[in-house]
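The next block holds one structure in the form of structure tokens; read it before the comments.
Only the coordinates and a few stated rules stand behind these numbers; no lab work does. No experiment lies behind these values; they were computed from the predicted model shown. Here the Cβ positions follow ideal geometry from the backbone for every residue, glycine too, while neighbour counts run over all protein chains shown.
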Amino acid sequence: MINPSEQQLDLIRQQLGREPRGLAGIAVQSDQGVPIVLQMQALVDDKPFPTLFWLSSKDVYQMIAEIETAGAVKLLEQELAEDETLRAAHLADQQRYVDLRWATVTPEQEARIESLGFRHLYDQYGIGGISQWDKIRCLHMQYAYHLAEGSTIGRLLDERYGLDQKLQQIRL
């Protein structure tokens, strides 16, 4: 995780169109230092933040939006239901995500999460805050996780839609 500079914070504000809430740092940036994926705090204003990674690049966001609009979530969920190997890899990604999220929580944050009665939520909710781990809530959050840590769904998006190649071509 990278601590953002003032210039990067300005870029993040422009990308989001608002002041970032719960920003822990930059998980992925371009070669030019432009934030692509933000890492978020687990607890913001005493509420669980729904995701550990947030896609901040408008260019990448738009590419994913087009894929979602074309029905990719439904198709991927159907594949997860039919392909046991794919489903097992996706479920392993979900558990790895939960474990990683807990690893980012400080002892003070963990105590606060416990005192607020939220511990079960942090164990239950996977990528993008989804409780049904064999489903996909949002490809944006899936791909943000993929860019930060690597994932099965993200690799499929790269293979099928060439997102990794498009990222190389656009100047972020």
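The rows are residues; the columns are (1) crowded, with 17+ Cβ neighbours inside 10 Å; (2) within 18 Å of residue 17 (Cβ to Cβ).
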{"residue": "54", "(1), (2)": "yes, yes"}
{"residue": "59", "(1), (2)": "no, yes"}
{"residue": "69", "(1), (2)": "no, no"}
{"residue": "75", "(1), (2)": "no, no"}
*When residues of the stretch 1-23 are filtered for being hydrophobic (A, V, I, L, M, F, W, C) and surrounded by 17 or more Cβ atoms within 10 Å (Cβ to Cβ), how many remain?*
3
*Restricting attention to the stretch 50-82, which residues are out of contact with any Lys or Arg (no Cβ under 8 Å at 6 or more places or on another chain) and outside any helix (DSSP H, G or I)?*
50, 51, 53, 54, 55, 56, 57, 70, 71
*From 44, 37, grab the single residue that is of a type in the set (Val, Ile, Thr) and crowded, with 19+ Cβ neighbours inside 10 Å.*
37
*Where residues in the stretch 148-172 are outside any helix (DSSP H, G or I) and in contact (Cβ under 8 Å) with a residue 40 or more places away in the chain, which of them is surrounded by the most Cβ atoms within 10 Å (Cβ to Cβ)?*
151
*Report those helices (runs of 4 or more DSSP H) wholly inside the stretch 83-147 carrying at least 2 residues which are free of Cβ contacts under 8 Å to residues at least 60 places away in the same chain, surrounded by 13 or more Cβ atoms within 10 Å (Cβ to Cβ) and of a type in the set (Lys, Arg).*
84-104
*Test residue 39 against the criterion of being within 24 Å of residue 100 (Cβ to Cβ) and touching a residue at least 24 places away in the same chain (Cβ under 8 Å), and give yes or no.*
yes
